[in-house]
Amino acid sequence: SLSTAVKNNQSVRLSSSQESEDAEKYRDQAEKLREQIRQMEEKIGDRRLNRNNDYGMDAMKQQLDDSFGDGGEMSLKNRNVLVVGANGRLGSMVCRYLLRNHPQTKVVAAVHYVNEESRTARGWGRLSYEIGAEDGIGSIGPAWDAQDRTATFQYSDEMKDYNLQNIRVVEVELLDPVQCNTITEDIDSVIWCATDFNGNRPRAISGLNVAFLFRAVADPTKGRVEIEGLRNILGGLKRNKQQQRDRGIVREVFLDSAIGNAIDVCLVSTAPKAFRDVETPFGTFNGLKREGEDILRNEFPSLSYTVLQMCRYEDNFVEESLDLVYEDPRADDDDEDKAVVDKRRINRRDAARAASEALIKPDIKGKTVQVWTAER
């Protein structure tokens, strides 16, 4: 059974009591900070924090309240979250989850752009469908009446909870560092869902996508999304956060270090044995995934992170809304019973929930964990 497997593998499941303890801890820390602010106000009065800082003490207290919500809990309230790979199956579900479960979060959906003739260029069909942008009420006039042959579309009442006003779609070529630096401006956190693979097969081959195939053939040394693309996004995020610090933005230099604001990066990767390893012109499938994880851990120490190694996706035979199971990768993973690993599955909607909530789960901050919900 699932419970037995979790117990035997020493899985890390977040219990309600543990979450309550974490919430209480952050409430205490938030109250201590507020008391420090009050003391600082008494000492320096209306003076600014420093010559380059436009925020006074009132702004600092507002930043504290806005970032942690009621009760001092970690929150995505008033945060700008960049979802990379937003037109993919998982990325589009991440956008949907953020919009509907964090209504005070601004979502920046980064979609791949190749050229105007590409299927990925306009419409972003999977993303628009997933977040509900294609819902509503539509009508079309009769075909035999040229004057009335018009189509109309309008939002319906049930769409008000979709929070579509909170999403902004941006096109980006991840292998272009200038574009990556631009889209990471004013971004607080990144959820990385982009990949060159469909399962464990290169997307250009598995999907017979002419645009991806042309890019791979025309410029084979241009780079890999999992490596150079990830490095470009992380580099842009790091530079822009440093610029925020240089401008003296309070929540970055004070609140983050004092309480532990939302995690900077959630990297969605793949568990080592979720798929059979395959060779590509740029390296093995698992090798590329591990290299990307190492880039985040070793090359960008100033960014807080969580790496989620997702087990095999299964949307047809694994239910949604199951308990998430988190487990630290075992040192003897090569010796782990392959039959057990092969049974681990997760529905993509639960994977989207895990990726979104990972930004505000302090117990997996700075960790690499494997994630699944069921064993089949």
Can you run down the residue pairs with Cβ atoms below 6 Å, 6 or more apart or on separate chains, where the first is in the range 286-305 and free of Cβ contacts under 8 Å to residues at least 60 places away in the same chain and the partner is among the hydrophobic types (A, V, I, L, M, F, W, C) and in a loop (DSSP other than H, G, I, E, B)? none
Restrict the check to the range 313-328 and report whether at least one residue is touching a strand residue (DSSP E or B) at 6+ places or on another chain (Cβ under 9 Å), closer than 26 Å to Lys241 by Cβ, in contact (Cβ under 8 Å) with a residue 12 or more places away in the chain and among the acidic types (Asp, Glu). no
Scope the range 289-309; condition at pLDDT below 95 and buried (at least 22 other Cβ atoms within 10 Å of the Cβ); matching residues: Lys289
Taking the range 173-197 as the region of interest, how many residues are buried (at least 17 other Cβ atoms within 10 Å of the Cβ) and within 16 Å of the chain's Cα centre (by Cα)? 13
Tell me yes or no: at least one residue of the range 137-151 is surrounded by 16 or more Cβ atoms within 10 Å (Cβ to Cβ) and either modelled with pLDDT under 90 or among the small types (Gly, Ala, Ser) (or both). no
So if I check each of Asn286, Asn316, which one is over 21 Å from Ser92 (Cβ atoms), of a type in the set (S, T, N, Q), more than 17 Å from the chain's Cα centre (by Cα) and modelled with pLDDT of 85 or more? Asn286
Which pairs have Cβ atoms under 6 Å, sit 6 or more apart or on different chains, and link a residue in the range 268-279 that is open to solvent by less than 50 Å² (accessible area, probe 1.4 Å) to one that is polar (S, T, N, Q)? Ser269/Gln309; Ala271/Gln309; Ala271/Gln370; Pro272/Asn286; Phe275/Asn200; Val278/Asn200
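The values are calculated or read from the model by the stated rules, or taken from the named source; none is laboratory data. As the structure is a prediction and not an experimental result, all values here were calculated from the model. Glycine also receives a Cβ, built like all others from the backbone with ideal geometry; neighbour counts cover every protein chain displayed. All accessible areas refer to the heavy atoms of the entire protein, side chains included, with ligands and DNA or RNA removed. Shrake-Rupley method; radii C 1.70, N 1.55, O 1.52, S 1.80 Å.
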